[in-house]
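Just below is one structure, and these are the notes that go with it.
The values are calculated or read from the model by the stated rules, or taken from the named source; none is laboratory data. It should be emphasised that the depicted structure is a prediction, and the values quoted were computed from it without experimental measurement. Note that we place each Cβ from the backbone using ideal geometry, even for glycine, and neighbour counts take in every protein chain shown.
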Amino acid sequence: MRCKSCLKEWRMGRFVLLIACCSSYILHYHLEPFTGLCDGMAQLQDEVQEQLKRLEKGKVVPDLIKELKRRKLVTKEKVIWYSLKKGPEFVVKRKTLATDVTREHLKSGDWKDLEFKDYNYEAQGQPIAIGYSQPLLEVREAIQNIFLEMGFSEMPTNMFVESSFWNFDALFQPQQHPARDSHDTFFLKAPATTTQLPDDYLEKVKQVHQSGGYGSKGYGYDWKRDEAEKNLLRTHTTAVSARMLYKLAQEEHFAPNS
């Protein structure tokens, strides 16, 4: 079936080329005896098809790929493949390795034929369940950091054994006070006493206890040095304050840390 309105005909000797322009191209070749044109057409090659074949064989040309992608003749796909082969420990049936020697293994004697699992000494242990910070401790730490940022320094509180002088007498607590009894305070047996007390300051404290001073009337009793030299487990950190105030008073010029 041919459309006369769109049929074009070229005549080359006895070779007739008919092209139908309707819905498809129909080529009719009457080749004999005109063979010159057939030889030329036989040498024609589809370059695009050859390029696609080269690309299929793995011959990659970047510029060629860009051109083919632009013409939407090729698309880029990601392919993941795996190669599997039998390893040295390949078995048809998986065997469970033993982790411990049990009483039953020892009784039956099959522990000799067991295969034990290797220990991983670098494995992490189970996380330890710990508690949370107490709210009051968090508030105390916040206040502590404020004073440290202002230039204050902390007093050393790691001296847990203290003398009765700094723990009681320097704070002007009378020697007959019930808090100084053995059922309220832990006294040491060895060393039971100390001799490292400042004599000049000790005399001033003794004077205030016995007869007063600095606006105080005193307690009016016979103050004993032996009682002040007794060692004990520090009952409060105010004893540290008494030591630090005396130490700072010995400096020629006291100034807070900047």
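For the reader, a short list of remarks on this structure follows.
- All of Val74, Val92 fail the test of being at pLDDT 50 or above, in contact with a Leu (Cβ under 9 Å, 6 or more places away or on another chain) and part of a loop (DSSP other than H, G, I, E, B), apart from Val74.
- Cβ separations smaller than 7 Å between residues 6+ apart or across chains give the following pairs from the range 81-98 residues that are without any contact (Cβ under 8 Å) to a residue 24 or more places away in the chain and of a type in the set (A, V, I, L, M) to residues that are surrounded by 10 or more Cβ atoms within 10 Å (Cβ to Cβ) and in a loop (DSSP other than H, G, I, E, B): Leu97/Lys117; Ala98/Leu114; Ala98/Lys117.
- Evaluated against (1) surrounded by 10 or more Cβ atoms within 10 Å (Cβ to Cβ); (2) out of contact with any His (no Cβ under 6 Å at 6 or more places or on another chain); (3) at pLDDT below 80, Lys69 falls short on exactly one condition, (3).
- Of the candidates Leu68, Leu73, Leu64, the single residue that is in contact (Cβ under 8 Å) with a residue 24 or more places away in the chain and over 46 Å from the mean Cα position of the chain (by Cα) is Leu73.
- Among the residues of the range 156-172, those that are part of a loop (DSSP other than H, G, I, E, B) and farther than 11 Å from Val205 by Cβ comprise Pro156, Thr157, Asn158, Met159, Phe160.
- Against the conditions (1) more than 56 Å from the chain's Cα centre (by Cα); (2) surrounded by 13 or more Cβ atoms within 10 Å (Cβ to Cβ); (3) touching a residue at least 12 places away in the same chain (Cβ under 8 Å), Gln176 satisfies every one except (2).
- Taken over the range 80-138, the criterion of being of a type outside the set (A, V, I, L, M, F, W, C) and over 39 Å from the mean Cα position of the chain (by Cα) is satisfied by Lys93, Arg103, Glu104, His105, Lys107, Ser108, Gly109, Asp110, Lys112, Asp113.
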